[in-house]
């Protein structure tokens, strides 16, 4: 045990940091996201996992809806506002919000 054996689905902290990029959503002029798409880099085909930071005063994406993909956000640090339909929800470290596919909203 020990050492830095190679396993294609293990991402090391340094590799995650080196892959970090800043991007924005083309439909939201206030969008600015810095992070790494972890899922694809680790070989996941059916789950999208990203680690991102959103600077104060910036936003993530344009409001959108997925019909087949579920989405979730887990706040690690900082604070933010989650906008769902016409309501805003303040979020703090440790908070988690899920966005089930439309067919699952009643559950």
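Based only on other Cβ atoms within 10 Å, what is the fewest-to-most ordering of 58, 45?
Starting with the residue having the fewest Cβ neighbours, the order is 45, 58.
Sort 89, 7 so the one with the fewest other Cβ atoms within 10 Å of its own Cβ comes first.
By the 10 Å Cβ count, ascending: 7, 89.
List the relative contact order of the chain as a percent without decimals, with contacts defined as Cα pairs under 8 Å and 6+ residues apart.
19 percent
Over the range 9-59, what is the relative contact order in percent, taking alpha-carbon pairs closer than 8 angstrom and at least six residues apart?
With pairs under 8 Å counted, the relative contact order is 33 percent.
Given 0.36 nm per residue, what is the gain on full extension from residue 29 to residue 52 after removing their alpha carbon distance, in nm?
Result for the pair: 6.5 nm of gain on full extension.
What are the equivalent ellipsoid semi-axes of the range 13-75, built from the alpha-carbon gyration tensor (square roots of five times its eigenvalues), in whole angstrom, biggest first?
20, 17, 10
For the chain, what is the mean residue ellipticity at 222 nm derived from helices alone (per DSSP H run of n ≥ 4: -39500 (n - 2.57); sum divided by total residues; nearest 500 deg cm²/dmol)?
Estimated from H runs of four or more residues: -2000 deg cm²/dmol.
Largest first and in whole Å, what are the equivalent-ellipsoid semi-axes of the chain based on the Cα gyration tensor, each being the root of 5 times an eigenvalue?
After diagonalising the Cα gyration tensor, the semi-axes are 27, 18, 14 Å.
Any chance you could run the full-extension gain for residue 67 through residue 37? It's 0.36 nm times the residue separation minus the Cα-Cα distance, nm to one decimal.
This chain segment gains 8.7 nm when fully extended.
Computed from the coordinates by the stated procedures, all read-outs in this text should not be read as laboratory data. Only a predicted model underlies this, so the values are computations on that prediction, with no experimental measurement involved. All Cβ positions, even for glycine, are placed from backbone atoms using ideal geometry, and neighbour counts span all protein chains on display.
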